[in-house]
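K.L.:
Sharing a structure with you now.
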Protein chains: 2
Amino acid sequence: MDLRLLRAFLAVADHRHYGAAAHQLSLTQPALTKQIQTLERQLGGHLFTRGRHGAALTDLGQSLLTDARDLVVRSDLLASRAVRFAQGTVGRLSVGFGLSSIELAPWSVAEFRRRWPDVSVTLDDMSSRAQIERIAAADLDVGFVRLPAGAGLQQYTLRQDRLAVAAPSAPAGELGAWLREHDLVRLHRDKGPGLAGHIDRFCAAQAATPGTVQVAHDLQTVLALVAAGVGPALVPASATRIAPSTVSVTPIDDPGASWDVGVVWNPEHCPPVVSNFLNVVVPGSVRAGQPSAVGNVRS
Amino acid sequence: MDLRLLRAFLAVADHRHYGAAAHQLSLTQPALTKQIQTLERQLGGHLFTRGRHGAALTDLGQSLLTDARDLVVRSDLLASRAVRFAQGTVGRLSVGFGLSSIELAPWSVAEFRRRWPDVSVTLDDMSSRAQIERIAAADLDVGFVRLPAGAGLQQYTLRQDRLAVAAPSAPAGELGAWLREHDLVRLHRDKGPGLAGHIDRFCAAQAATPGTVQVAHDLQTVLALVAAGVGPALVPASATRIAPSTVSVTPIDDPGASWDVGVVWNPEHCPPVVSNFLNVVVPGSVRAGQPSAVGNVRS
DNA sequence: GAGTTCTTATAACGTCAAGGAATGGACCTG
DNA sequence: CAGGTCCATTCCTTGACGTTATAAGAACTC
C-alpha cells in the first residue's frame with residue numbers, strides 16, 4: 001500500500017477527471033493513469049469507471065474512499081508532528097532546580113513556556129548533586145546547579161552566590177573568631193550536599209569547626225530556627241528573600257565563600273527542546289531550530 | 001511520508017539492530033541504512049543513536065513509534081479490506097424477489113450467506129418489472145423475476161411457472177367456457193404487472209374477458225378471498241404452498257399459461273459479489289473469485 | 001595496545017520503475 | 001465528418017533503490 005497511490009486515487013475521486021487530478025498532483029495525465037492502474041492491479045479490481053464524463057467511482061472505489069482519506073490525513077499529521085518534534089516546537093522537557101537557583105529557574109521556565117507553548121515542561125526540585133547525576137544519565141534534560149558540574153557535562157555560569165551569616169543580629173568582630181564561638185543550625189546534608197560541603201570547607205579555611213545545634217530539612221525551616229533563636233546558620237546569600245524580617249542576613253565578603261551558579265546540560269543528550277530552552281536562558285548560546293539537523297528536508 | 005520508510009523504522013525499532021531488521025524486511029543492511037537516513041532527513045532529526053550495541057531510539061524516534069505503528073497497521077487493514085472487497089469476500093449485495101420467486105430467492109440467499117458470511121445481503125420485495133428497472137439502473141444487484149428481462153440485461157432461466165385456477169373446487173368442463181362464466185379475484189396490477197398482463201393475455205387467448213370481483217394487494221389475501229367464496233382467481237402455480245387447504249389449486253395445462261422464471265443481472269454492473277451470488281444460484285455460470293480482475297496482483 | 005569482532009556508514013554500480021512528451025483511440029458535439 | 005474531450009499507450013530519460021564490496025568506529029580479548 002503506497003500512500004502516493006492513495007493520494008492519486010483521492011485526487012481522481014475528488015475531481016472525477018484525470019487531467020485536473022494530475023494537475024493538482026503536479027503530474028502529467030499519463031503518469032496519473034499509470035498510478036491508478038497500478039493501484040487497481042494491486043487491489044484486483046477497478047476503482048473507476050472511465051467514460052466520456054470522466055471517471056466515476058466503482059463500488060470498490062467507494063468502499064475505499066473514506067478509509068483512504070483517513071489514512072492520508074493521519075500520515076500527514078504524523079509527519080507534521082514528527083517534524084515539529086524534531087524542531088523542538090512540541091515535546092517534553094524536564095528541568096531541575098534547587099537551593100541554588102530559587103530565583104533563576106522559575107523565570108526561565110516561564111519565559112520558555114511563553115515562547116514554546118506546546119512543550120510540556122516538568123520542574124523537579126532536587127539538590128545540585130542529584131541533578132547532575134540525572135543529567136549525566138540523560139534522565140533530566142537541564143538543571144540549575146552549583147558549579148562546577150563535572151566532567152562530560154556542559155555548563156554556563158549565570159551568576160555568583162555566596163555564603164551569608166543568618167543570625168538574630170549581624171555577627172560582630174572577626175568572622176573566624178565568631179564562627180569558633182557558635183554552633184550552627186544546619187540544613188540536612190542530603191538536601192544540599194554541595195552547600196554543606198562548601199560550609200565545611202569555608203569553616204575549615206577559617207580555622208573553625210562549629211558544631212550543630214539542630215538539623216532542618218529545608219532552608220525555610222533553617223531560617224525559622226534562626227529567627228527562633230536556636231542558633232545562627234550559614235546560608236546562601238540568595239536566600240535573603242525568604243528570610244523572616246527578624247533574621248539578619250549578612251553576606252560574607254570572602255572569595256572562599258562564593259561559588260558559581262549556572263545551567264548544566266548533557267551534550268550527549270541535547271534534543272531541540274533542550275537547545276531551545278538554553279537559548280531562552282542564555283540567548284545565543286546554542287544555535288536554535290535545528291541543532292540535531294541531519295541535512296536538508298526535502299519532502 | 002512513505003510507508004516503506006515507516007516500516008523500515010519500525011523494523012529497526014523492534015530489533016534495535018540494522019542487520020536483523022534488514023533481514024526481516026528482505027533487504028540488505030546498507031539499503032536499510034539509507035532508508036532510515038532518508039526518513040531522518042525528511043523529519044529533520046535523528047531517530048536512533050547508533051552504537052556498538054546497535055540502534056536505540058532517540059526521543060524523536062520514541063515519539064514517532066506508536067503513531068507509526070498505528071499508521072502501518074491501518075494501511076495493512078485498508079489494503080486487505082480492499083482486496084477482499086474486490087474479491088467479493090466482503091461487501092454489500094441487494095437481491096430482489098417477488099411473486100415469481102417466493103421459493104427460489106430465500107434458498108439462494110441463505111446458501112450465499114453461508115458461503116460468503118461477510119457480505120451483507122439486502123432482500124427487497126417488489127414486482128418483476130420494478131426489479132428489472134432498478135437492475136438496469138444498477139440500483140439493484142440481482143433479481144428473481146418473470147422472464148424475459150429485456151434488452152441490456154442478462155438472465156438465466158431457473159424453472160417454469162404457470163397459471164393455476166384457485167377456487168373452492170376444481171373447475172369442471174372446458175376452461176374457456178368456465179372463464180367466460182366467472183369473474184375473478186385479482187391481485188392489484190401494481191403488485192404484479194407481469195402476472196396481470198399474463199392473465200389478460202391468457203384469458204384473451206381463451207376468448208374470455210372475466211370481470212373483477214375484488215382486488216387484493218397480496219397473493220395471500222387473494223387466496224383468502226377465494227377461500228371465503230368471494231370468487232375464483234388465477235394465480236401462479238407456485239402459490240400452491242401458501243394456499244389454504246379449503247382452496248383447490250388446479251394448474252392449467254396450456255403452453256400459453258406458462259412462463260419462465262429466472263435470475264437477472266446487469267452485465268454492466270457485475271462486481272464480484274454479484275458473480276459470487278450467481279455462482280451460488282447457478283454453479284459454474286460465472287467464473288468466480290476475480291471477475292473484474294485487472295491483471296496480476298503483485299504487492 | 002594490536003588484533004578481533006561486533007556494529008553502522010559509504011562507494012560504486014546495475015536495474016527498474018516513475019514521469020514526461022507525443023500519439024492513439026473512443027466517444028460526444030456541432 | 002471535423003473538432004474537441006477524455007483516457008490509454010508507447011517510447012524514452014532519469015533517478016531512486018537495492019546489491020556487493022569496503023570502510024570506519026567502538027568495544028572487547030589476549
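K.L.:
Relative to the longest principal axis of the C-alpha atoms of chain A, give the angle of the C-alpha long axis of helix A:193-205, reported between 0 and 90° and rounded to the nearest 10°.
P.N.:
30 degrees
K.L.:
A follow-up question, please. Can you name the residue in chain B whose Cβ lies closest to the B-to-A rotation axis, and give that gap in whole Å?
P.N.:
Taking Cβ atoms only, the nearest residue and its distance are B:LEU3, 3.
K.L.:
Using only Cα atoms, tell me the angle between helix B:59-87 and the longest principal axis of chain B; keep it within 0 to 90° and round to the nearest 10.
P.N.:
With both axes taken from Cα atoms, the answer is about 30 degrees.
K.L.:
Tell me, what HN-Hα J-couplings in whole Hz come from the Karplus equation 6.51 cos²θ - 1.76 cosθ + 1.60 at θ = phi - 60° for each residue of region A:155-162, using x for Gly and Pro?
P.N.:
9, 9, 6, 9, 6, 9, 9, 8
K.L.:
Across region B:133-149, in residue order, what do the Karplus-derived ³J(HN,Hα) couplings come to in whole Hz, using 6.51 cos²θ - 1.76 cosθ + 1.60 with θ = phi - 60° and x for Gly and Pro?
P.N.:
Karplus values, whole Hz, x for Gly and Pro: 4, 5, 5, 4, 7, 6, 8, 10, 7, 9, x, 9, 9, 6, 8, x, 8.
K.L.:
Taking each residue in A:41-51, count the Cβ atoms of any other chain within 10 Å of its Cβ, then average. What number comes out?
P.N.:
Values: counts 7, 10, 11, 15, 14, 5, 3, 0, 2, 0, 0.
Neighbouring Cβ atoms belonging to other protein chains average 6 per residue here.
K.L.:
List residues of region B:166-196, by number, whose backbone nitrogen lies under 16 Å from a label position 7 Å along Cα→C-beta of B:GLU133.
P.N.:
Taking a point 7 Å out along Cα→Cβ of B:GLU133, the residues of region B:166-196 whose backbone N falls under 16 Å are B:189-196.
K.L.:
Percent of Cα-Cα pairs per 5 Å bin, from 0 to the last occupied bin, for region A:76-159, please list those.
P.N.:
Spelled out bin by bin, region A:76-159 gives 3, 14, 22, 21, 17, 12, 5, 3, 1, 0 percent.
K.L.:
For the pair B:ALA228 and A:ASP190, how long in nm is the line joining their label points, each one 7 Å along Cα→Cβ?
P.N.:
Placing both labels 7 Å beyond Cα along the Cβ direction yields 9.6 nm.
K.L.:
Also, I was wondering about something else. So for B:SER75, B:SER80, fewest C-beta neighbours within 10 Å to most, what's the order? Write down the numbers at each step before the final one.
P.N.:
Working: B:SER75 22, B:SER80 13.
Ordered from fewest to most neighbouring Cβ atoms within 10 Å, B:SER75, B:SER80 come out as B:SER80, B:SER75.
K.L.:
For a distance above 14 Å, tell me the whole-number percent of Cα pairs in region B:19-94 that qualify.
P.N.:
Numbers: 2102 of 2850 pairs.
Every Cα pair in region B:19-94 considered, those over 14 Å come to 74 percent.
K.L.:
Run the simple label-point estimate for A:THR49 and A:VAL282 please: 7 Å along Cα→C-beta, distance reported in nm.
P.N.:
A separation of 7.1 nm, rounded to one decimal place.
K.L.:
Let me ask you something else. What average count of beta carbons from other chains do you get within 10 Å of the Cβ of residues in A:70-76?
P.N.:
Numbers: counts 2, 7, 1, 0, 6, 9, 1.
The mean count of partner-chain Cβ atoms within 10 Å per residue comes to 4.
K.L.:
Calculate the FRET efficiency for B:TYR156 and B:ASP254 from the Cβ-Cβ distance with a Förster distance of 25 Å, rounded to the nearest 0.05. Display every interim value, and only then the final one.
P.N.:
On the way: r = 25 Å, r/R0 = 1.00.
With R0 = 25 Å, the Cβ-Cβ based efficiency is 0.50.
K.L.:
Now for a different question. Near the amide H of A:THR58, under 5 Å away, which other amide H atoms are found, from residues 5 or more places off or on another chain, if H is placed in the peptide plane?
P.N.:
Close amide H contacts, sequence-distant or interchain: A:PHE48, A:THR49.
K.L.:
Can you tell which of A:PRO251, A:PRO30, A:PRO272 shows the greatest fluctuation in a Gaussian network model of chain A with Cα springs below 10 Å?
P.N.:
Result for chain A, Cα springs under 10 Å: A:PRO30 fluctuates most.
K.L.:
Now, a different point. Just need the Rg to Rh number for region B:161-259, please, alpha carbons only, Kirkwood Rh.
P.N.:
Details: Rg = 11.8 Å, Rh = 13.0 Å.
Reported Rg/Rh, Kirkwood definition of Rh: 0.91.
K.L.:
Also, I was wondering about something else. For the protein assembly as shown, what percent of Cα pairs sit more than 41 Å apart?
P.N.:
Details: 102570 of 178503 pairs.
Roughly 57 percent, once rounded to a whole number.
K.L.:
Determine the principal axes of the Cα atoms in region B:144-190, then give the extent along each, sorted from largest to smallest and rounded to whole angstroms.
P.N.:
Computed over region B:144-190, the largest-to-smallest principal extents equal 42, 23, 18 Å.
K.L.:
Could you tell me which of rounded, prolate or oblate describes region B:1-149, using a ≥ b ≥ c as the square roots of the eigenvalues of the alpha-carbon gyration tensor, with rounded for a/c under 1.5 and, failing that, prolate when a/b is larger than b/c and oblate otherwise?
P.N.:
On the way: a/c = 4.83, a/b = 3.98, b/c = 1.21.
Because a/c hits 1.5 or more and a/b exceeds b/c, region B:1-149 counts as prolate.
K.L.:
Hey, another quick one. So if we plug the beta-carbon distance of A:SER26 and B:THR66 into 1/(1 + (r/R0)^6) with R0 = 41 Å, what FRET efficiency do we get, rounded to 0.05?
P.N.:
Values: r = 32 Å, r/R0 = 0.79.
Efficiency for this residue pair is about 0.80.
K.L.:
Let me ask something else about it. Mark the label point 7 Å from the Cα of B:GLN220 along Cα→Cβ and return the residues of region B:257-277 whose backbone N is within less than 13 Å of it.
P.N.:
none
K.L.:
Show me, for region B:119-127, the HN-Hα J-couplings you get by feeding each phi into the Karplus relation (A = 6.51, B = -1.76, C = 1.60, θ = phi - 60°), rounded to Hz, glycine and proline as x.
P.N.:
9, 8, 9, 10, 9, 10, 8, 7, 5
K.L.:
Next question, about the same structure. In degrees, nearest 10, range 0 to 90: what is the angle between the Cα axis of helix B:272-281 and the longest Cα principal axis of chain B?
P.N.:
Rounded to the nearest ten degrees, it is 40.
K.L.:
Here is a further query. Classify chain B: rounded, prolate or oblate, from the alpha-carbon gyration tensor (a ≥ b ≥ c, eigenvalue square roots; a/c under 1.5 rounded; otherwise prolate if a/b is larger than b/c)? It would help to have the intermediate numbers written out before the result.
P.N.:
Details: a/c = 4.85, a/b = 4.10, b/c = 1.18.
Because a/c hits 1.5 or more and a/b exceeds b/c, chain B counts as prolate.
K.L.:
Pairwise over distinct Cα atoms, reciprocal of the mean inverse distance: report the Kirkwood radius of region A:93-214 in Å, one decimal place. Kindly include the intermediate steps, with their values, before the conclusion.
P.N.:
Numbers: mean 1/r = 0.0609 Å⁻¹.
Here the Kirkwood hydrodynamic radius works out to 16.4 Å.
K.L.:
Could you give the size of the charge dipole of the protein assembly as shown about its Cα centre, using +1 on the Cβ of each K and R and -1 on the Cβ of each D and E, expressed in debye and rounded to the nearest 20? Before the final figure, lay out each step's value.
P.N.:
Numbers: 56 positive and 52 negative charges, 281 e Å.
So the magnitude is around 1360 debye.
K.L.:
How far, in nm to one decimal, is A:PRO193 from itself in the other copies if the label point is set 7 angstrom along Cα toward Cβ? Shortest first, please.
P.N.:
Values, ascending and in nm: 9.5.
K.L.:
Give, in nm to one decimal, the length gained when the segment between B:HIS17 and B:ILE242 is fully stretched (0.36 nm per residue of separation minus the Cα-Cα distance).
P.N.:
On the way: separation 225, 0.36 × 225 = 81.00 nm, distance 7.27 nm.
Fully extending the segment from B:HIS17 to B:ILE242 adds 73.7 nm.
Rule-based calculations on the coordinates, nothing more; no lab input. Since we're looking at a predicted model, the values are computed, not measured. Reconstructed Cβ throughout: ideal geometry from the backbone, glycine too, with neighbour counts over all protein chains shown.
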